[in-house]
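The values are calculated or read from the model by the stated rules, or taken from the named source; none is laboratory data. All values derive from a computational prediction rather than experimental measurement. Ideal geometry is used to build each Cβ from the backbone, glycine not excepted, and the neighbour counts take in all protein chains shown.
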Amino acid sequence: MGIMGLRHVYACLAPQNVIYYLQVGMGLTQTNYIGGQKMKYARDSQCSKVYKAERTLPQHSQNGMSIEDVREFVDKIMDSRWLKGKYPDAYEYGKVVVKDGRGRRKAGGCHSYITMPKWSRSKMIVLHELAHAITERECGYPPVAWHGREFCSIFIALVRRWMGKDVGRDLKAAYKKYRVKHVVGG
């Protein structure tokens, strides 16, 4: 691979579209090879700040949902008029498949599915992973970072709608405290 070694391989888009995450200096750079053509992704410079901010909220660690509960919650969101009105491209794309995350340490999300290991089954983490799916459907990921302004804006909207305005306000305050950019165009 060349640049300080291959860090992680993540095949989410489609089997032929593999994203390589390469460690470059202090940051993480994503490179996607589609049809032999190299595409550079936006640097995910906010990732650690986003996770620090989320971990300060008590709702982050309130687990206890079964995989069926997670599926019902995600289906309810994806079928909602709220999503259709606010994020029409995400709605039109269809359902997001929920996988149970066996054999994984981390939760994950992309345009077509989210993977939820047992420890991660709280509404906050489900919404975080669903925000990845919606962001990819609405914006695509070559132009935006995985935890960039667009993702954070969508995540706050999901939290406000599905966990309550108070929790959304707390998340926004945590983002401000940790200097997470979350206003699109600002």
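Looking at segment 111-147, which of its residues are assigned to a helix (DSSP H, G or I), aliphatic (A, V, I, L, M) and within 19 Å of Ser61 (Cα to Cα)? First the steps, then the outcome.
At the first step, the residues of segment 111-147 found to be assigned to a helix (DSSP H, G or I) are 118-120, 123-139.
So of that shortlist, the ones also aliphatic (A, V, I, L, M) come out as 124-127, 130-131, 133-134.
Hits for segment 111-147 are Met124, Ile125, Val126, Leu127, Leu130, Ala131.
Please verify whether segment 147-154 includes one or more residues that are closer than 18 Å to Ala107 by Cα and in contact with a Cys (Cβ under 7 Å, 6 or more places away or on another chain). Checking segment 147-154: at least one residue is closer than 18 Å to Ala107 by Cα and in contact with a Cys (Cβ under 7 Å, 6 or more places away or on another chain). In segment 163-185, the residue that is modelled with the lowest pLDDT out of those that are loosely packed, with under 13 Cβ neighbours inside 10 Å and outside any helix (DSSP H, G or I) is Gly185. Counting the residues of segment 74-107 that are touching a residue at least 60 places away in the same chain (Cβ under 8 Å) and either out of contact with any Phe, Trp or Tyr (no Cβ under 8 Å at 6 or more places or on another chain) or not assigned by TED's automatic domain parsing to the domain that holds Glu136 (or both) gives 3. When the criteria are applied in full, Arg71 meets the requirement of being surrounded by 18 or more Cβ atoms within 10 Å (Cβ to Cβ), in a helix (DSSP H, G or I), over 16 Å from the mean Cα position of the chain (by Cα) and among the charged types (D, E, K, R). Within segment 136-156, can you find the residues that are within 19 Å of Lys95 (Cα to Cα) and hydrophobic (A, V, I, L, M, F, W, C)? The answer is Cys139, Phe151, Ile154, Phe155.
The residues of segment 112-137 that are surrounded by fewer than 19 Cβ atoms within 10 Å (Cβ to Cβ) and either out of contact with any strand residue (DSSP E or B) (no Cβ under 7 Å at 6 or more places or on another chain) or not assigned by TED's automatic domain parsing to the domain that holds Leu83 (or both), listed by number, are Pro117, Lys118, Trp119.
Checking each residue of segment 100-108 against the condition of being out of contact with any Cys (no Cβ under 8 Å at 6 or more places or on another chain), crowded, with 22+ Cβ neighbours inside 10 Å and either assigned to a strand (DSSP E or B) or at pLDDT 90 or above (or both) gives no match.
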